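Report on one structure; see the data block that follows.
The values are calculated or read from the model by the stated rules, or taken from the named source; none is laboratory data. Bear in mind the structure is a predicted one, so any value in this text is a computation, not a measurement. Neighbour counts run over all protein chains shown; Cβ positions are idealised from the backbone, glycine included.
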Amino acid sequence: MFTGIIEEVGNVLSIHRSNSGAIISVGCNHVLSGVKDGDSIAVNGVCLTVTRHDSAGFQADISNESLRVTSLGQLKSGDGVNVERAMAATGRFDGHMVAGHVDTTAQIMDISRDGNSWKFRLRLHQPECIRYFIERGSASIDGVSLTVFDVDTATASFTFNLIPHSQSLTTLTTKKSGDVVNIECDLVAKYIERLLGFGTSGATPASQGGVSMELLRQHGFM
């Protein structure tokens, strides 16, 4: 489990692809403190398992599924990446619950200045995921916990602002219109949808008809 509070911007030392997936080496410093092989580190929001590490960085395997669903396959040597260690049980929960399991990607449609922040407008590549977005809700964008607004279901698009603190500590300021970022939707929303889909009888979502307005009313959500 992660929080979406980026600890460090690392850099891709190498990424080697094969038919079985890819192996990535990430140069970093701070996140190596206390790390051991087998630990989880999120790279641009994707939970990866450390297979090797030394004083210069760590190495991890990337499955073909992760290459298909995320933007990790577009990385090249020298690229900056957002990295975060798994949250310690005794740590502060400063962001929101992030599993490191990317749901889809999104394309940056527009970037503009908004006071001392940068405003990003994104469109999801899987439009159905927009149902997990609410006004002033949270989403993980390339691993960064951010508040979304101007959610448009019809176009599967939304906006977020990047404040100065996040500008200095993440890779998002290096992005430009047309770039692709990883998106993890709100974990709680996905679990609620799944549980409501089964109804009170324990029947499958298909036999219950999934989530409906009437079902939400029955369970006190409206």
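The condition (being among the polar types (S, T, N, Q) and buried (at least 20 other Cβ atoms within 10 Å of the Cβ)) is satisfied by just one residue among Thr51, Thr104, Thr70: Thr70. Restricting attention to region 176-190, the residues being surrounded by fewer than 19 Cβ atoms within 10 Å (Cβ to Cβ) and either outside any helix (DSSP H, G or I) or at pLDDT below 90 (or both) number 5.
For region 120-132, filtered to residues that are within 26 Å of Ser168 (Cβ to Cβ) and either hydrophobic (A, V, I, L, M, F, W, C) or assigned by TED's automatic domain parsing to the domain that holds Thr70 (or both), the residue that is nearest to the chain's Cα centre (by Cα) is Leu122.
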